Amino acid sequence: MKFEGTKNYVASESLKLAVHAAMLLEKPLLIKGEPGTGKTMLAQELADSLGTELIQWHIKSTTKAQQGLYEYDAVSRLRDSQLGDEKVHDIANYIVKGKMWQSFDADVRPVLLIDEIDKADIEFPNDLLLELDKMEFHVYETQERIVAKQRPIVIITSNNEKELPDAFLRRCFFHYIDFPNKDEMQQIIEVHHPHIKQDLLTTALEVFFQLRELPHLKKKPSTSELLDWLKLLIAEDIEPEVLRDKSNKGGLVPLFGALLKNEQDVSLLQKLAFMSKRR
Amino acid sequence: MLIEFFLTLRKYRLKTSIRELLDLINALKNQAIFADIDAFYFLARTVLVKDETQYDRFDKAFADYFSGIQDLDVLSALKQAYQIPEDWLRKEFEKNLSPEEKAQIEAMGGLDKLMETLKKRFEEQKERHAGGSKWIGTGGTSPFGSGGYNPEGVRIGEDQPRQRKAVKVWQQRQYKNLDANTEISSRTMKLALKKLRRFARTGASEKLDLNGTISATAKQGGMLDVHMEPERHNAVKVLMFFDIGGSMDDYIKTCEELFSAAHSEFKHLSFFYFHNCLYEHVWEGNIRRRSESIDTMSLINRFGRDYKVIFVGDATMGPYEIDAPGGSVEHWNQESGSSWLNKITNHFDNVVWLNPQPEEHWSYHYSIGMMKSLMKDKMYPLTLDGIGRAIKEL
């Protein structure tokens with residue numbers, strides 16, 4: 001079965017192929033790309049299209065690899081022993097399953113999303129090598145070996161904040177989501193806002209890509225920001241002419257707050273607009 | 001099967017391994033794709049390349065390997081596309097070159113060789129277009145600048161400044177930005193830098209201190225007394241200053257490796273660049289140095305004294321560049337370089353200088369001795385051993 005994108009998600013040919021290959025060969029798929037190009041969305045839509053469960057493991061800077069497997073809840077066991085609870089004699093009562101264990105246990109082949117793996121400590125990917133490769137691990141406390149019933153489809157996303165170790169990369173397939181060009185962008189928008197007026201869309205896209213071309217922007221607006229902005233434009237019922245009118249509000253496009261997330265960027269844009277007016 | 005292809009990739013210095021080749025063959029066996037060169041391109045890229053900065057290299061290798069299959073004559077293709085005669089193209093091309101660039105082309109094996117490279121690059125662009133993806137310039141190695149071919153001529157990127165030991169460099173140069181993604185033969189460097197990862201317990205308490213809890217509970221006569229301790233994390237904060245341009249160009253390669261090694265090791269890490277000696281301004285990116293420089297003074301104010309400061313530079317320059325006001329080769333500096341360096345060493349607790357010049361040559365350069373004494377003798381060679389020693393000092 002091949003992933004073809006969904007009615008909410010436009011996937012490029014190369015992305016479809018990458019997902020297909022990863023599913024076929026049961027390899028984790030590492031996805032990189034600019035923020036807001038739909039890396040996390042991919043896992044959600046993939047799970048939807050396959051009709052299986054999506055298990056999300058969001059990584060933070062404090063996340064340890066062990067937490068994805070299982071955790072031994074020593075504190076509640078200690079408390080139970082204080083209260084004289086019978087449960088206390090079986091250590092298995094205090095083993096809490098992590099996200100990976102959950103995905104190993106699922107009856108239908110699930111999609112496991114390991115989100116933003118680069119946020120964790122640099123040792124984190126190394127600690128998961130064997131688990132991702134063999135899809136099994138050992139529970140030390142109960143001397144149990146956990147093997148996946150079927151290998152889950154693993155999607156890993158990264159924002160490139162840290163380099164990932166080579167040994168880890170060797171075990172993954174890799175795809176870099178390019179920023180969509182104008183045509184693809186139009187497709188994506190039609191999927192999300194089917195009733196948008198054609199000329200508003202064209203003008204908005206022009207403004208958007210001009211904005212992305214600006215040098216020195218701290219954070220370039222990306223697809224998800226564009227979608228938000230369009231939603232606002234539709235809600236406010238703004239005419240395309242207003243978008244084209246550069247003199248509006250000191251040269252800023254209407255509702256710029258959805259596109260620019262940084263006050264330096266906003267002031268940069270104001271400066272540029274001011275300069276172009278004087279010319 | 002595909003062994004030649006694999007070897008071609010290796011020749012282009014892609015870091016693919018046999019394991020990945022086997023994966024690719026396995027994918028083909030399982031019929032992930034069928035007799036489709038575009039699909040094969042995407043599949044091979046997905047399986048073999050693990051870093052988008054290497055996509056460019058992969059494209060080159062791919063085009064090279066498949067050039068026999070999909071040969072196209074660039075010049076004639078251009079002729080057709082733009083309706084221009086070949087001679088005109090060549091002449092226009094040469095007209096746009098400065099003498100230096102011509103010399104550089106000679107070094108690359110003459111115009112024909114360059115055209116060959118251009119052809120290769122052009123094919124690759126075709127390939128990309130066929131695949132529907134966008135042309136990505138990854139910079140660094142290309143002699144064609146960012147745009148590659150445009151009908152008016154070929155922009156040739158200026159790769160290295162040709163003068164050394166500048167007396168006054170008035171000409172504005174665009175130095176290459178240091179690319180964090182050089183080949184990681186810097187693995188060894190990383191290991192050396194690991195020593196810097198000193199673990200410190202700081203921040204809010206988040207982790208159960210099991211031993212503390214047990215002994216406290218025992219003391220309380222069995223009443224539970226939970227003790228928490230702060231999570232361990234890497235608390236090393238580093239500022240790095242790179243000398244760029246002029247006499248340092250020989251060492252840029254080594255510096256880049258250090259740069260990419262350092263990138264993943266620390267939580268707080270900032271890079272700044274300077275030219276020859278530190279003055280009142282440093283800059284963050286190379287290319288924008290003229291427009292966006294940063295006050296050294298504000299740097300001192302911004303970063304606390306617990307930051308560890310590493311200079312990387314060869315310290316080979318005229319003595320007046322260090323100790324005389326106005327000694328800078330690029331601009332008029334009010335205060336001498338040595339006073340700025342003193343400000344840095346006085347503010348930060350730990351400052352070292354890494355010098356890519358071999359240690360035994362140091363005594364031949366007067367300026368190195370001066371710099372060394374300014375650094376309170378904390379100057380080390382840019383070798384594994386030297387880095388180890390420097391880090392011990394930090």
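The values are calculated or read from the model by the stated rules, or taken from the named source; none is laboratory data. Owing to the predicted nature of the structure, the values given are computational and were not obtained by experimental measurement. Glycine gets a Cβ as well: all are built from the backbone with ideal geometry, and neighbour counts include every protein chain shown.
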TODO: Would you mind stating whether A:M23 is without any contact (Cβ under 8 Å) to a residue 60 or more places away in the chain and either buried (at least 21 other Cβ atoms within 10 Å of the Cβ) or part of a helix (DSSP H, G or I) (or both)?
DONE: no
- [ ] Scan the stretch A:67-80 residue by residue and report those that are outside any helix (DSSP H, G or I) and within 12 Å of chain B (Cβ to nearest Cβ).
- [x] A:E71, A:Y72, A:D73
- [ ] Determine, yes or no, whether A:L164 is aliphatic (A, V, I, L, M) and away from chain B (no Cβ under 14 Å).
- [x] no
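Conditions tested, residue by residue: (1) among the acidic types (D, E); (2) surrounded by 17 or more Cβ atoms within 10 Å (Cβ to Cβ); (3) under 15 Å from the mean Cα position of the chain (by Cα).
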position	(1), (2), (3)
A:K27	no, yes, no
A:Q44	no, yes, yes
A:S49	no, yes, no
A:K64	no, no, no
A:G84	no, no, no
Task: Test for A:I122: is it crowded, with 19+ Cβ neighbours inside 10 Å and under 20 Å from the mean Cα position of the chain (by Cα) - done: no
Task: Boolean, B:E4 is modelled with pLDDT of 80 or more and away from every other protein chain (no Cβ under 12 Å) - done: yes
Task: Some residue of the stretch B:34-54 being modelled with pLDDT under 80, within 32 Å of the chain's Cα centre (by Cα) and more than 9 Å from chain A (Cβ to nearest Cβ) - done: yes
Task: Members of the stretch B:55-85 found to be more than 30 Å from A:E161 (Cβ to Cβ), of a type in the set (D, E, K, R) and at pLDDT 50 or above, listed by number - done: B:D64
Task: Subset tally (residues that are under 27 Å from the mean Cα position of the chain (by Cα), part of a helix (DSSP H, G or I) and of a type in the set (A, V, I, L, M)) for the stretch A:193-208 - done: 4
Task: Index of the failed condition, B:V282 passing every other in (1) surrounded by fewer than 20 Cβ atoms within 10 Å (Cβ to Cβ); (2) at pLDDT 75 or above - done: (1)
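The rows are residues; the columns are (1) more than 14 Å from chain B (Cβ to nearest Cβ); (2) exposed (fewer than 14 other Cβ atoms within 10 Å of the Cβ); (3) under 21 Å from A:D265 (Cβ atoms); (4) not basic (K, R).
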residue	(1), (2), (3), (4)
A:F173	no, no, no, yes
A:D178	no, no, no, yes
A:K182	no, yes, no, no
A:I188	yes, no, no, yes
A:H192	yes, no, no, yes
A:H195	yes, yes, no, yes
A:Q198	yes, yes, no, yes
A:L205	yes, no, yes, yes
A:F208	yes, no, yes, yes
TODO: Six or more apart or on different chains, Cβ under 8 Å: which pairs go from a residue in the stretch A:80-91 that's under 18 Å from A:T142 (Cα atoms) to one that's among the charged types (D, E, K, R) and not in a helix (DSSP H, G or I)? Could you list them?
DONE: A:I91/A:E141
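Can you tell which of A:R145, A:R109 is among the basic types (K, R), more than 14 Å from chain B (Cβ to nearest Cβ), farther than 30 Å from A:L200 by Cβ and without any contact (Cβ under 8 Å) to a residue 24 or more places away in the chain?
Criteria check complete, one pass: A:R145.
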